[in-house]
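Down below is the structure, laid out as structure tokens.
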Amino acid sequence: MAEMEFGWKFAQCFGDKGEVEDITEDSVDLTTIFPYAADIISTVEFDHTGDYLATGDKGGRVVLFERNDGKKGCEYKFYTEFQSHEPEFDYLKSLEIEEKINKIKWCKRQNAAHFLLSTNDKTIKLWKVFEKSLKVVAENNLSDGLRPQNGRIQQLRLPKLTHHDTIIAAVPRKVYANAHAYHINSISINSDGETYISADDLRINLWNLNISDQSFNIVDIKPVNMEELTEVITAAEFHPSHCNLFMYSSSKGTIKLSDMRTAALCDQHSKMFEEQEDPANKSFFSEIISSISDVKFSRDGRYILSRDYLTLKIWDINMETRPLKTINIHDHLRNKLCDLYENDCIFDKFECTFSGDGQNVLTGSYNNYFHIYDREGLTDIALQADKSAFKAKRVGASSKSKMLARTKSNKKEEINVDAIDFNKKILHASWHPNENSIAVAATNNLFIFTCV
């Protein structure tokens, strides 16, 4: 019934389809145990057209997919793969810098080549991906068995090059390094197409895409005495149409909207979106679960979507005091916060995203489930990115695509908390900008779901 009513179905799966239950994103020294631990996907991003899709993984690789026009519906095929980052070592701080790709952002396409930004904890790179023609020498003075007579060539011919093959090449055009003392958690390209911001725990820097050796610090929340530190920046994003506006979220559960026209250093925010906590609900875990893990603008810039550990909130940019809608994602886990604190799952950073038309929102959960809600939060479509999905792809039954359509009244009763596998989680997802198709990362598999 759910399949007929809502139309979501599994479309594709890329990646290893074997047994991957024991691999988790937070495992330590995975590569010594599992040879494919470096394949764990750490970010997913559609380009502005939806014709291309990028993933980054724990091994520092970027894999690109392109739309398969020969297939009906929204299907993709492998385009190219390249090593974006390598493991490094900071000798001054005696710290290893892992190669894991934290974020990928596509630049708007200007010509036949693609440009995209990728970042690990410390270094951002601008990559150019383009088709390159390989040519070989097809004709020269020694071809056709001709040999010099008496040391002389009777007829001099210019060598000719002919097309041999076309490959997809990726070259780093710019490397933006040494600008962040702390781990980079966000990058966002401005609507002007010329600048972008990068955010770490305490600072946000503004870059020009063409200048790699200079950036401007526009937000700095680092206190003079680090013992007085009370919050960190968790995510940042530019407004989709106003190039002077950007927002950033904090571990205190606030979202601040800043205007770069007011001052060079945006210490004073223009707006702050914050919901006051009910004192009756305050506990030891209140500060942890209120930390915002991701924020997104809707495409028109009117609404803001934020995700913390338990809830998904939709804000109107014109109303700061409370969200338009609060959707309880993990309300059933309130009584297990102590256990989740002990196994570190309470620190999981779930991403969120708007649909292209802004009418629906998407976020992940445990057991490899992810949820699609309408903007009013009335409909909850829960889909499971599970390897059993691709085994029965061709059958259009709801059981085959692991889908549950739930309403608010019966949602809580269906969830058996003790049966939840907290090692299986959907942290990263992206929504096609023009269609109801979504890409979801489940450990080292990439799932494509589409609505027909």
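Details
- Cross-link pairs beyond the 32 Å C-alpha cut-off, checked among 9/174; 122/313; 71/108: 9/174
- Phi-based couplings in Hz for segment 93-98 (Karplus 6.51, -1.76, 1.60; Gly and Pro marked x): 9, 6, 10, 7, 10, 6
- Taking θ as phi - 60° and the Karplus parameters 6.51, -1.76 and 1.60, the scalar couplings of segment 99-115 work out to 7, 3, 7, 7, 8, 10, 10, 7, 7, 5, 6, 10, 8, 5, 8, 9, 10 Hz in sequence order, x denoting glycine and proline.
- Global geometry of segment 219-325, whether rounded, prolate or oblate, following the gyration tensor of its Cα atoms and the 1.5 cut on a/c: oblate
- Solvent exposure of segment 283-346 as accessible area per residue, Å², 1.4 Å probe: 44 Å²
- Here segment 309-377 and segment 207-243 have alpha carbon centers that stand 25 Å from each other.
- Fraction of accessible area attributable to carbon and sulfur, segment 196-282 (%, probe 1.4 Å): 48 percent
- Using a probe of 1.4 Å on the protein chains alone, the accessible area found for residue 163 is around 110 Å².
- Heavy-atom accessible area order for 194, 231, 88, largest first, 1.4 Å probe: 194, 88, 231
- Sparse-neighbour loop sites [trypsin sites (Lys or Arg not before Pro); segment 53-103; at most 14 other C-beta within 10 Å; DSSP]: 71, 72, 93
The values are calculated or read from the model by the stated rules, or taken from the named source; none is laboratory data. These numbers were taken from a predicted model, which means no experiment stands behind them. Ideal geometry is used to build each Cβ from the backbone, glycine not excepted, and the neighbour counts take in all protein chains shown. Protein only, heavy atoms only, side chains kept; ligands, DNA and RNA dropped before computing areas. Shrake-Rupley method; radii C 1.70, N 1.55, O 1.52, S 1.80 Å.
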